1. With a Cα-only, solvent-free Debye model of region 2-94, what are the log10 I(q)/I(0) values at q = 0.10, 0.13, 0.15 Å⁻¹?
2. Output the 0 to 90 degree angle, nearest 10, between the alpha-carbon long axis of helix 236-245 and the longest principal axis computed from the alpha carbons of the chain.
3. Can you give the calculated 222 nm mean residue ellipticity of the chain, where each DSSP H run of n ≥ 4 adds -39,500 (n - 2.57) and the sum is split over every residue, rounded to the nearest 500 deg cm²/dmol?
4. When the chain is modelled as a GNM with alpha-carbon springs shorter than 10 Å, which of Pro105, Pro47, Pro211 fluctuates the most?
5. I need the Kirkwood Rh of region 52-118: take the reciprocal of the average 1/r across all distinct C-alpha pairs and report it in angstrom.
6. Mind pulling the angle between the C-alpha long axis of helix 257-284 and the longest principal axis of the chain? Nearest 10 degrees, somewhere in 0 to 90.
7. Stick to Cα atoms and the Kirkwood definition of Rh, then tell me Rg/Rh for region 50-209.
8. Choose one answer from Cys74, Cys245, Cys224: the residue with the largest mean-square fluctuation in a GNM of the chain with alpha-carbon springs under 10 Å.
Amino acid sequence: MANNILNVGGFRIVKRLGTGARSTIYIAVDEQDNREVALKRVIYEKPEDTRIFEQVETEYKVAKKIDHPYVRKCYKLQKIRSMLKVKELLLSMEYFDSTTLEQCPSLSLLDVMLVFRMVAGGLQAMHQHGFVHCDMKPNNILMNKSGSIKIIDLGQSCHIGTTKQRIQGTPDYIAPEQVHRKPLGPKTDIFNLGATMYWALTGRNIPTLIPKKDAVGLQQPRECCSPNRIRKQIPQALSDIVMDCIQEDPAKRPAGMNELITRLDVMIHNLLGDKLKGKNAAKST
């Protein structure tokens, strides 16, 4: 398989990173400029694979318009044809040595806030360019050993104001307007991000409009405790931020990512101030 990619795409495969729906991700070297990249290879096998191809093309087109340190860049999209039909896609992307947020070891409260402050900044950049991510979740946030992050998988992204013909999103993080197929906007990302923050702080998922079923197939009730009722060490102000983000009515959520960033900045400043006071008090004794 690696030789086929090398012969057709001009990439030297270093190793395979993982697999997904009809796709394989490799670490590779682009032989044209000798740049190390993450290479996504997607193979057309069934008619329903057309949707996967569409998402790869969307990811490429949107990422090319965003230049932000917290949004993964895409470099090239190559279409490989057979009998005049596109049978493979090769998407070369920025390689970021990291793990997903879901795979990360436990983080401190400050680290969690810093991570989501960065994510909010990346999403704000997307909104400024007129796009909504639409699938923010722990697996779409990469984090490296130094604590930096990348937002990935822009395949479900769309222009602000888009109404999608079918439900798209991840059930544990999906916003009500995605389920009801209403126009999507920055507040959709706010909900998705709030649901992701809830998971990071509590280890639980919020109930959404695509409810889970219990062992006997009955739908579980939609109840959502605030994070600081589940983990008492979570500050009330941070718990309030999360609960505001996951309001069912978009009008009741923060006005935009700028508001969310400002509130997180205040929380981070206060927490750092408390730590500094604690250190100074320890020194004085």
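Derivation of every value follows stated rules applied to the coordinates shown; laboratory data play no part. Please read all numbers here as calculations on a predicted model, not as lab measurements. Virtual Cβ from ideal backbone geometry, glycine too; neighbours counted across all protein chains shown.
1. -0.24, -0.42, -0.56
2. Relative to the chain, helix 236-245 is tipped by roughly 40 degrees.
3. -11500 deg cm²/dmol
4. Pro47
5. 14.5 Å
6. Orientation of helix 257-284: about 60 degrees from the principal axis.
7. Radius of gyration relative to Kirkwood radius: 0.98.
8. Looking only at Cys74, Cys245, Cys224, the largest GNM fluctuation is found for Cys224.
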